[in-house]
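Report on the structure given below.
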Amino acid sequence: MSGLAIADIRAQFGRNEVLRGIDLAVAAGETLVLFGPSGAGKTVLLRAIAGLEPGATGRVVIDGEDVSTHGPESRNVGMAFQNFALYPHLSARENIASPLRARGVSAGEIDARVGAIARLLRIAHVLSHPPRALSNGQKQRTALARALIAEPRILLLDDPLRNVDAKLRYEMRLELPRLLRESNAATIYVTQDYREAMALGDRVAVLQNGVIAQCGAADAVYDLPANREVARLFGDPPINLLPCRPQAAAGGIDIEAAGFRLHLGAREEATGKDCLLGLRPETLSLSDHPIAGGVAADIVAITPLHERQVVLTRTAAGEELVVSVAHDVPKAGSHVWLLADPRAALVFEASAGKLIQAPMAIRGCAA
């Protein structure tokens, strides 16, 4: 295939098995976002693909060629490192141009290409500066420019917008997908920001406990998380998880949790088991007057988040639930009612955490 394929990639440090057999394929022109918490092994996986992780094992195939035994210099992989890895004795311009100079590209073409990529990444005004004179955000964009300018077959980007200010990060999330498509490289993009994952990835792979817990379209990972940990990671504010024990009922199951009584037209796999009811904050409704099927609660705190209000509530039984709404809400201390949409409910096994009940709305039920 054209692009990247890796199989059974493993890495271990002492007794800590960081990667436990990773299989992935990324087509030319595709961006796969590698998403996971800090310490999950995302950077180790990128280094293994690039040939920079000496203890890693497994198979790396680029454009149909097995390069597992090749050194990093012969893999034609571009990488923007988390720690920048800029040459301290070279200016930003020279750092960016270094891959082209190594290939013997003409001076005129180098100047044109460096100028174009620098304007795109908003660093044209610092091209003459050495790395020590750059901010962290400028260093990161310089490293990204150096990785992109070489037009590699494989592009590995290790959280390249982490140190960029909020405005530029938003702009780059809009511009980067086009830039990456035009490069036609098979791109793996590492981030811990689920919004960035959803904005940039053609697909998202969630790295968890040394394995790929889930891989698919970003909206599918959000709507149908493979397990409760993926559900927690892929959402801000995080999902509400409530202990429950579903009971068989006509046409599905009944669940009682935190005062909610929900009927789910579900598989009966969850019946009688210790489970967790998952309610995303944006699927809960909040009202300042009683509503049928609602649960009484008090507002503990309110935090604005983008165009929404994130509301921490506490029920009479002491259960705390987070609600995300797009409208104004009563002040802290007010008494309100919460309503859960059963069509959006997720059910996870309490022990293993596996998803055993998908949202009915996602499975095509009528609104």
Worksheet entry | Residues of the stretch 99-126 that turn out to be farther than 18 Å from residue 183 by Cα and either in contact (Cβ under 8 Å) with a residue 24 or more places away in the chain or not assigned by TED's automatic domain parsing to the domain that holds residue 147 (or both), as a count | 3
Item to complete: Go through the stretch 58-81 and count every residue that is in contact (Cβ under 8 Å) with a residue 60 or more places away in the chain and under 13 Å from residue 47 (Cβ atoms).
Response: 5
Discussion item. What's the number of the only condition in (1) surrounded by 20 or more Cβ atoms within 10 Å (Cβ to Cβ); (2) touching an Asp or Glu at 6+ places or on another chain (Cβ under 9 Å); (3) more than 18 Å from residue 144 (Cα to Cα) that residue 62 fails to meet?
Written reply: (2)
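One line per residue, one yes/no per condition, for (1) of a type in the set (Lys, Arg); (2) assigned to a strand (DSSP E or B); (3) over 13 Å from residue 323 (Cβ atoms); (4) at pLDDT 95 or above:
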residue: 242; (1), (2), (3), (4): no, yes, yes, yes
residue: 248; (1), (2), (3), (4): no, yes, yes, no
residue: 254; (1), (2), (3), (4): no, yes, yes, no
residue: 262; (1), (2), (3), (4): no, yes, yes, no
residue: 266; (1), (2), (3), (4): no, no, yes, no
residue: 269; (1), (2), (3), (4): no, no, yes, no
residue: 273; (1), (2), (3), (4): yes, no, yes, no
residue: 276; (1), (2), (3), (4): no, yes, yes, yes
Response to the item:
The condition from (1) out of contact with any Pro (no Cβ under 8 Å at 6 or more places or on another chain); (2) surrounded by 14 or more Cβ atoms within 10 Å (Cβ to Cβ); (3) touching a residue at least 60 places away in the same chain (Cβ under 8 Å) that residue 231 misses is numbered (1)
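Residues are listed down the side, and each one gets a yes or a no for (1) crowded, with 19+ Cβ neighbours inside 10 Å; (2) more than 29 Å from residue 45 (Cα to Cα); (3) modelled with pLDDT under 95:
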{"residue": "125", "(1), (2), (3)": "no, yes, no"}
{"residue": "129", "(1), (2), (3)": "no, yes, no"}
{"residue": "136", "(1), (2), (3)": "no, no, yes"}
{"residue": "139", "(1), (2), (3)": "yes, no, yes"}
{"residue": "142", "(1), (2), (3)": "yes, no, yes"}
{"residue": "146", "(1), (2), (3)": "yes, no, yes"}
{"residue": "150", "(1), (2), (3)": "yes, no, yes"}
{"residue": "153", "(1), (2), (3)": "yes, no, yes"}
{"residue": "158", "(1), (2), (3)": "yes, no, yes"}
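Residue-by-condition table, conditions (1) in the same structural domain as residue 314 (by TED's automatic domain parsing); (2) in contact with a helix residue (DSSP H, G or I) (Cβ under 9 Å, 6 or more places away or on another chain); (3) buried (at least 22 other Cβ atoms within 10 Å of the Cβ); (4) free of Cβ contacts under 8 Å to residues at least 40 places away in the same chain:
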site	(1), (2), (3), (4)
246	yes, yes, yes, no
249	yes, no, no, yes
254	yes, no, no, yes
261	yes, no, no, yes
271	yes, no, no, yes
275	yes, no, yes, no
288	yes, no, no, no
291	yes, no, no, no
Response to the item:
When the stretch 69-123 is checked residue by residue, the ones that are within 27 Å of the chain's Cα centre (by Cα) and part of a loop (DSSP other than H, G, I, E, B) are 75, 76, 81, 82, 83, 84, 85, 86, 121, 122, 123
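The values are calculated or read from the model by the stated rules, or taken from the named source; none is laboratory data. Given the structure is predicted, the values throughout are model-derived calculations rather than measurements. Don't worry about glycine lacking a Cβ; one is built from the backbone with ideal geometry, like all the others, and counts go over all protein chains shown.
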